[in-house]
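For reference, the structure is listed below as structure tokens.
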Amino acid sequence: MNQFSKTLLITGGAGFIGSHVVRLFVTKYPEYKIVNLDKLTYAGNLENLRDIENAPNYKFIKGDIVDADFIQDLFAVYQFDGVIHLAAESHVDRSISNPIEFVMTNVVGTVNLLNAAKHNWKDNKEKRFYHISTDEVYGTLGNEGLFTENTPYDPHSPYSASKASSDHFVRAYHDTFGINTVISNCSNNYGPNHFPEKLIPLAINNILNKKPIPIYGKGENVRDWLYVIDHARAIDVVFHNGKSGETYNIGGHNEWKNIDLIRLLCKIMDKKLNRAEGESEKLITFVTDRAGHDLRYAIDASKIEKELGWKPSVTFEKGLEQTVDWYLNNKEWLQNVTSGNYQKYYEQQYHNR
């Protein structure tokens, strides 16, 4: 490890956003040792990182952040210079059916990491703990206005409540113990490698298989969409240049009603699949609205743009088309993750290394 200038821990690095962050850091910073810690739940997939898995500055470790002793031992062995914490249970519907799992991973797991950092870093202000959160902690907006870094927290689902709690713990450890922390709250991500339980990949998969596309309520809920590779770029910028103790909102300036988004996606898919225009739109099926479903999220990302120079580079229309192309070119990946076949295969690959 002495050959590397820094050793960083990225938690949840086999997941959707995490895999893009790991890839960016492994390729952009060959002088860093990148340790990817992931539990490999249903949403964690080592196939997402096959292209960099043999990189000399990359190490994968399977483990659970809820295991405090394991986390302490990991810090003792690797002497991390920084943590980029993405590991989380993140699906609202799952949080409604099993809240305690979200409390354990998102709250207890985060505190375990903070305790390990506090114990091992002592008063070293150069070492940084970066916590990635969500705009859902702010609650809901009406037809006007944007979430800023000063918007009061008002979570409405067990998922957003667990993320709000973890955010508060990160700030508390900064204020109480002097740990060098930063937090970012991002809007909805989309792009390659997204597990097909979320709206866009679910719709793509269902259109491919001519299955109904479920839309909550009337489809009038509004979300701000951020291309995942732009988000990874923002995480890079915040980790290296963000001010200790600060929060940065990361958004794509792309507000879309769910129904309008799906109609656009249907048009793109019909064209790509050589189907008659309007064929995929017939699959749209309105279902009973989700409990506690926030009406609108929208991020004011002016702080990160003004202070750190980051802004989104991909328009939603372009990003959505690139996303569709990726799924169409990776149907085997999609089949594996929807069937669960990848779990057994990649667990085997991991143990055979």
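Okay, here's what the table says:
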{"item": "Length added when fully stretched, LYS257-VAL287, from 0.36 nm per residue minus Cα-Cα", "result": "9.2 nm"}
{"item": "Region 52-211 pair-distance distribution - Cα-Cα, 10 Å bins, rounded %", "result": "9, 32, 34, 19, 5, 0"}
{"item": "Under 23 Å from LYS271, Cα to Cα: lysines that are on another chain or at least 8 residues apart", "result": "LYS198, LYS210, LYS211, LYS257, LYS282, LYS318, LYS331"}
{"item": "Set of aspartates and glutamates near LYS125 by C-alpha distance (under 16 Å), chain-local residues within fewer than 8 positions excluded", "result": "ASP81, ASP175, GLU246"}
{"item": "Residue-averaged [θ]222 nm for the chain, counting only DSSP H segments that reach four residues, each worth -39500 (n - 2.57)", "result": "-12500 deg cm²/dmol"}
{"item": "Residue-wise HN-Hα coupling along region 106-118, computed from phi with Karplus coefficients 6.51, -1.76, 1.60 (Hz; x: Gly, Pro)", "result": "7, 9, 4, x, 5, 5, 4, 5, 4, 5, 5, 5, 4"}
{"item": "Relative contact order, percent, the chain [alpha-carbon distance under 8 Å, six or more residues apart]", "result": "17"}
{"item": "The chain: antiparallel DSSP beta bridges as a percent of all, rounded to 5", "result": "5"}
{"item": "Positive-pole candidate from ASN120, ALA68, SER90, dipole of region 14-144, charges at beta carbon", "result": "ASN120"}
{"item": "Order of THR140, THR105, THR176, THR148 under a 10 Å beta carbon neighbour criterion, fewest first", "result": "THR176, THR148, THR140, THR105"}
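Taken together, the values in this text are just the output of simple stated rules run on the coordinates, not laboratory data. Everything quoted here is computed from the prediction, not taken from an experiment. Reconstructed Cβ throughout: ideal geometry from the backbone, glycine too, with neighbour counts over all protein chains shown.
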